[in-house]
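Asks: Before anything else, here's the structure in question.
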Amino acid sequence: MFSRVIRFPFVLVLLFLIGSLWFPMQPVQGEEIPSVETIVEKANCVAYYQGKDGRAQVSMVITDSQGRKRRRQFTILRRDAEPAEQGCGEQKYYVYFHRPADVNKTVFMVWKHPDRDDDRWLYLPALDLVKRIAASDERTSFVGSHFFYEDVSGRNPAEDVHELVKTTKNYYVLKNTPKNPEAVEFAYYLVWIHRKTFIPVKTEYYDASGKLYRVYEALKVETIQGYPTVTRSRMRDLQRQGETVIAYTGVTYDIGLPDDIFSERYLRNPPRKYLR
């Protein structure tokens with residue numbers, strides 16, 4: 001539910017470092033490799049559009065360069081405006097923070113659009129302030145973690161040029177180059193997509209000098225209600241050091257979330273029935 005790298009990174013245990021042992025696939029002679037557009041579309045749908053809607057309890061552990069830890073606990077609600085089979089398009093997210101006390105009742109909300117910039121809001125209860133997050137702020141830290149705001153609901157595939165650079169026994173490896181390089185801090189990023197499930201299991205970000213500086217990994221994957229689901233993930237900052245690990249529990253799909261809770265009205269008045 002979290003990352004596109006999700007839009008809802010939600011499948012049995014997967015450790016990327018031994019990923020070659022998970023769902024072993026023998027190359028099939030004459031097997032047709034999908035087009036890069038098909039791979040990107042399927043990976044996006046699997047990562048962010050499982051079911052018609054979903055909910056997860058999330059635990060976040062932020063570790064800085066000196067080993068000091070901070071924790072966040074929040075609930076993510078997600079609803080698709082249209083069935084996934086119709087193109088994985090319009091989508092809405094509601095993220096409600098429970099702990100620690102300094103972020104309690106903070107809300108992050110996203111309306112995701114496939115054809116234009118997403119709409120993002122942040123409600124700060126201490127100031128009773130609703131803040132719009134500009135597109136230029138999407139690649140800044142999400143509540144002090146090593147994930148960015150854009151990582152929460154995902155990056156629009158249309159913002160990048162995609163190239164299939166390698167096919168292994170288990171993965172498609174894609175190089176993704178931004179169409180507007182001035183809008184982002186990376187020069188390109190590589191994504192490893194599992195060939196059987198189409199789950200993005202690793203993303204590496206490179207700067208203009210070609211140096212790797214940021215890495216996302218899916219650490220654990222489970223099958224929930226028949227849907228492949230990332231239930232543990234990590235983002236590492238190789239420049240400043242430190243990492244953030246996210247664990248998803250209580251993941252539930254197709255619960256019938258009403259559309260009206262994804263509105264500014266519910267930023268100040270959270271839908272507690274769906275946050276438990």
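Asks: Within segment 229-237, can one find any residue that is assigned to a loop (DSSP other than H, G, I, E, B), modelled with pLDDT of 95 or more and surrounded by fewer than 20 Cβ atoms within 10 Å (Cβ to Cβ)? Outline the logic, then answer.
Replies: Quick first cut of segment 229-237, residues assigned to a loop (DSSP other than H, G, I, E, B) only: none.
Checked against the condition, which is being assigned to a loop (DSSP other than H, G, I, E, B), modelled with pLDDT of 95 or more and surrounded by fewer than 20 Cβ atoms within 10 Å (Cβ to Cβ), segment 229-237 yields no hits at all.
Asks: Turning to a different aspect of this structure: I'm checking my understanding of the structure. Among residues of segment 223-270 that are of a type in the set (Val, Ile, Thr) and under 16 Å from the mean Cα position of the chain (by Cα), which one is farthest from residue 70 (Cα to Cα)? Working first, answer last.
Replies: Taking segment 223-270 as the starting set, the residues that turn out to be of a type in the set (Val, Ile, Thr) are 223-224, 229-231, 244-246, 249, 251-252, 255, 261.
With the extra rule that they be under 16 Å from the mean Cα position of the chain (by Cα), the set shrinks to 229-231, 244-246, 249, 251.
Numbers: 229: 25, 230: 22, 231: 20, 244: 9, 245: 11, 246: 12, 249: 19, 251: 23 Å.
Per the criteria, the residue is 229.
Asks: Continuing with the same structure: Could you check segment 202-223 and list, in sequence order, the residues that are farther than 17 Å from residue 146 by Cα and surrounded by 20 or more Cβ atoms within 10 Å (Cβ to Cβ)?
Replies: So the first thing to find is which residues in segment 202-223 are farther than 17 Å from residue 146 by Cα, and the list is 208-211, 220-223.
Of everything in segment 202-223, just one residue is farther than 17 Å from residue 146 by Cα and surrounded by 20 or more Cβ atoms within 10 Å (Cβ to Cβ), namely 221.
Asks: In addition: Out of 147, 186, report the one residue that is more than 22 Å from residue 246 (Cα to Cα) and within 18 Å of the chain's Cα centre (by Cα). Can you show your working first?
Replies: Values: 147 fails: more than 22 Å from residue 246 (Cα to Cα).
The conditions single out 186.
Asks: Right, next: Return yes when residue 172 is of a type outside the set (A, V, I, L, M, F, W, C), in a strand (DSSP E or B) and closer than 23 Å to residue 40 by Cβ and no when it is not. Don't jump to the end; show me each part of the working.
Replies: Working: of a type outside the set (A, V, I, L, M, F, W, C): yes; in a strand (DSSP E or B): yes; closer than 23 Å to residue 40 by Cβ: yes.
For residue 172, the condition - of a type outside the set (A, V, I, L, M, F, W, C), in a strand (DSSP E or B) and closer than 23 Å to residue 40 by Cβ - is met.
Asks: Could you list all residues from segment 238-276 that are farther than 14 Å from residue 77 by Cβ, surrounded by 13 or more Cβ atoms within 10 Å (Cβ to Cβ) and touching a Phe, Trp or Tyr at 6+ places or on another chain (Cβ under 8 Å)?
Replies: Once the filter is applied, which keeps residues that are farther than 14 Å from residue 77 by Cβ, surrounded by 13 or more Cβ atoms within 10 Å (Cβ to Cβ) and touching a Phe, Trp or Tyr at 6+ places or on another chain (Cβ under 8 Å), segment 238-276 yields 238, 244, 246.
Asks: Regarding segment 253-263, can at least one residue be identified that is in contact with a strand residue (DSSP E or B) (Cβ under 8 Å, 6 or more places away or on another chain) and part of a strand (DSSP E or B)?
Replies: There is at least one residue in segment 253-263 that is in contact with a strand residue (DSSP E or B) (Cβ under 8 Å, 6 or more places away or on another chain) and part of a strand (DSSP E or B).
Asks: Taking the condition of being part of a strand (DSSP E or B) and either over 23 Å from residue 234 (Cβ atoms) or modelled with pLDDT under 95 (or both), how many residues in segment 34-57 meet it? Please lay out each step first, then the result.
Replies: Of the residues in segment 34-57, the ones part of a strand (DSSP E or B) are 53-57.
Imposing the further condition that a residue be either over 23 Å from residue 234 (Cβ atoms) or modelled with pLDDT under 95 (or both) reduces the set to 53.
So the answer is 1.
Asks: Then there is this: Among the residues of segment 164-189 satisfying the criterion of being touching a Ser or Thr at 6+ places or on another chain (Cβ under 7 Å) and closer than 30 Å to residue 249 by Cβ, which is modelled with the highest pLDDT?
Replies: The residue in question is 189.
The values are calculated or read from the model by the stated rules, or taken from the named source; none is laboratory data. As the structure is a prediction and not an experimental result, all values here were calculated from the model. Please note: Cβ atoms are built from the backbone with ideal geometry, for glycine as well, and neighbour counts cover all protein chains shown.
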